[in-house]
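Colleague: The following block contains the structure, expressed as structure tokens.
Just so it is clear, none of the values below were taken in a lab; they were calculated from the coordinates. Quick caveat: nothing in here was measured; it's all calculated off a predicted structure. Positions of Cβ are generated from backbone atoms using ideal geometry, with glycine treated the same way; all protein chains shown enter the neighbour counts.
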Amino acid sequence: MGQFDGKVVYITGIARGQGRNHAVRFAREGASIVGLDIAGPIIDHATYPPATREDLDETIRLVEEAGGKIIARQGDTRDLAFQQQLVADAVEQFGRLDHVIANAGVLTWGSVWELSEEQFGDVVDINLVGSWKTLKATVPAMLEAGNGGSITIISSVAGLKPMPFQASYSASKAGLIGLAQSAAKELGQHRIRVNSVHPYAVNTPMGVADTEAHRLFGIPWVGPHFASMLDYHPVASLDEISDAVLYLASDSAKGITGAEFQIDMGHSKV
Ligand SMILES: NC(=O)c1ccc[n+]([C@@H]2O[C@H](COP(=O)([O-])OP(=O)(O)OC[C@H]3O[C@@H](n4cnc5c(N)ncnc54)[C@H](O)[C@@H]3O)[C@@H](O)[C@H]2O)c1
């Protein structure tokens, strides 16, 4: 028997990285998965490689191998109508929607005054506005089902402790705290809990394959801003983040809402 038998989980950004791992972990626990990913180039100012259609197909294969059913589509969280159609089709097929993981996000680098309009606007539009569209598309179906549930929004430690050269990213991730906490207050009465998760570095292409990050960390005054308390553990594994995400969706976390859940090696307090 799985911890999420019969439940339906909606996850954005599932082609690879954290989103894929959450999908596989929920599927192993008996959940059906609904997901989307652009699965292609997103922003022309990215300094790490984009996900591909093959990545998305691999997620589908892994979820099915784990025994889960999955509806996965190539699409953009910024497209509200696309997300609403995906939710409608998922509810028709699976009959309910229980948990939402707003995970899709992008990162770009530059000083406040040198960021281009695209570097600021794209990142806020994807990380913050796109996540709001995920909630706007999914919450009505959760209310309609009347089963309660949970929403977990993947922010970043940068949402708690903004970093140099990450103004657009930090602003978008701080904004997600506002989104999560407003939603938590509105949805508590419907037995829907809403929390944000704040990782430090995670072992994904965004976390470890960003050429601009490696260049900037080499500048002497920049490095100390990114210090943590656990030097021996600089990068979290995918399962460390999934452990937290599954916990927050589980009944064990029934008293947790409006929380900022840190997996940040103490970085936000340094
Ligand atoms: N990797 C890290 O070090 C780290 C640290 C803190 C927070 N985060 C956050 O964790 C989340 C997951 O990132 P990851 O580390 O797995 O990165 P990743 O780049 O490996 O995966 C992100 C996935 O989201 C997809 N995506 C991005 N924008 C999208 C959009 N508008 N619509 C649909 N799909 C979209 C991408 O195609 C990609 O498959 C992000 O919100 C990120 O900001 C990551």
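Colleague: What is the stretch 8-258's relative contact order, in percent, from Cα pairs under 8 angstrom and six or more apart in sequence?
Modeller: Relative contact order comes out at 20 percent.
Colleague: Turning to a different aspect of this structure: In whole percent, what relative contact order does the stretch 176-245 give with Cα contacts below 8 Å and a gap of six or more residues? Could the numbers behind the result be given before it?
Modeller: Details: 38 pairs, mean separation 21.4, N = 70.
Worked out over the stretch 176-245, it gives 31 percent.
Colleague: P(r) for the stretch 89-197: what percent of alpha-carbon pairs falls in each 5 Å bin, starting at zero?
Modeller: 2, 13, 22, 20, 15, 11, 8, 5, 3, 1
Colleague: Please determine, in degrees from 0 to 90 and to the nearest 10, the orientation of helix 80-94 with respect to the longest principal axis defined by the Cα atoms of the chain, where the helix direction is its Cα long axis.
Modeller: Roughly 40 degrees, rounded to the nearest 10.
Colleague: Counting helices only, and only those DSSP H runs with n ≥ 4, report the 222 nm mean residue ellipticity of the chain as the sum of -39,500 (n - 2.57) divided by its residues, in deg cm²/dmol to the nearest 500.
Modeller: Working: 9 runs with 107 residues, N = 270.
When only DSSP H runs of four or more count, the value is -12500 deg cm²/dmol.
Colleague: List the chymotrypsin sites (Phe, Trp or Tyr not before Pro) within the stretch 111-193 that DSSP assigns to loop and that have no more than 16 neighbouring Cβ atoms inside 10 Å. Provide the component values of the computation, followed by the final result.
Modeller: Values: sites: W113, F120, W132, F165, Y169; in loops: W113, F165.
Qualifying residues, ordered by number: W113.
Colleague: Give me the orientation-averaged projected area of the Cα convex hull of the stretch 1-47, in nm², one decimal.
Modeller: Numbers: hull surface 13.3 nm².
Its average projected convex-hull area is 3.3 nm².
Colleague: While we're here: Would you please give the residues with an amide H less than 5 Å from that of M163, counting only those at least 5 places away or on a separate chain, with H modeled from the backbone geometry?
Modeller: Answer set, sorted by chain and number: S170.
Colleague: Give the lysines whose C-alpha is closer than 24 Å to that of K269, dropping any in the same chain fewer than 8 places away, or say none.
Modeller: Excluding near neighbours in sequence, the set is K161, K173.
Colleague: Quick one: of K185/K254; K69/K254; K136/K185; K69/K185, which pairs are farther than 21 Å apart, Cα to Cα? Can you show the working numbers first?
Modeller: Working: K185/K254 15 Å; K69/K254 26 Å; K136/K185 15 Å; K69/K185 32 Å.
Beyond 21 Å: K69/K254; K69/K185.
Colleague: Between W113 and L143, what is the spin-label point distance in nm, taking each point 7 Å from the Cα along the Cα→C-beta axis?
Modeller: 4.6 nm
Colleague: Using alpha carbons only, how many degrees (0 to 90, rounded to 10) separate the axis of helix 167-187 from the longest principal axis of the chain?
Modeller: With rounding to tens, the tilt is 30 degrees.
Colleague: Only sites in a loop by DSSP and with at most 12 other Cβ atoms within 10 Å count here; which chymotrypsin sites (Phe, Trp or Tyr not before Pro) in the stretch 195-270 make the cut?
Modeller: On the way: sites: Y200, F217, W221, F226, Y232, Y247, F261; in loops: Y200, W221, Y232.
Within the stretch 195-270, the qualifying chymotrypsin sites (Phe, Trp or Tyr not before Pro) (loop, at most 12 other Cβ atoms within 10 Å) are W221, Y232.
Colleague: Still on this structure, please answer the following. Can you tell which of E29, E92, E54 shows the greatest fluctuation in a Gaussian network model of the chain with Cα springs below 10 Å?
Modeller: E92
Colleague: Taking other Cβ within 10 Å of each residue's Cβ, how do M1, M265, M163 sort, fewest first? Intermediate results must be reported in sequence, preceding the final value.
Modeller: Working: M1 5, M265 22, M163 18.
Going from sparsest to densest Cβ surroundings: M1, M163, M265.
Colleague: I'd like the Karplus ³J(HN,Hα) series for the stretch 197-202: coefficients 6.51, -1.76, 1.60, θ = phi - 60°, whole numbers in Hz, and an x wherever there's a Gly or Pro.
Modeller: Those phi angles translate into 10, 10, x, 8, 6, 10 Hz.
Colleague: Here is a follow-up. How big is the chain in terms of Cα radius of gyration and Dmax, in angstroms?
Modeller: Calculated on Cα positions, Rg and Dmax stand at 17.6, 55 Å.
Colleague: According to the Cα gyration tensor, what semi-axes, each the square root of 5 times an eigenvalue, does the equivalent ellipsoid of the stretch 188-270 have, listed from largest to smallest in whole Å?
Modeller: Working: eigenvalues 182, 36, 25 Å².
One finds semi-axes of 30, 13, 11 Å for the stretch 188-270.
Colleague: Fewest to most neighbouring Cβ within 10 Å: what's the order for I126, I177?
Modeller: Details: I126 24, I177 17.
Neighbour counts put them in this order, fewest first: I177, I126.
Colleague: Simple spin-label model, 7 Å along Cα-to-Cβ: I219 to Q85 in nm?
Modeller: Each label point is offset 7 Å from its Cα along the Cβ direction, giving 4.3 nm.
Colleague: While we're here: To the nearest 10 degrees, how steep is helix 238-249 against the longest Cα principal axis of the chain, on a 0 to 90 scale?
Modeller: Helix 238-249 sits at roughly 50 degrees to that axis.
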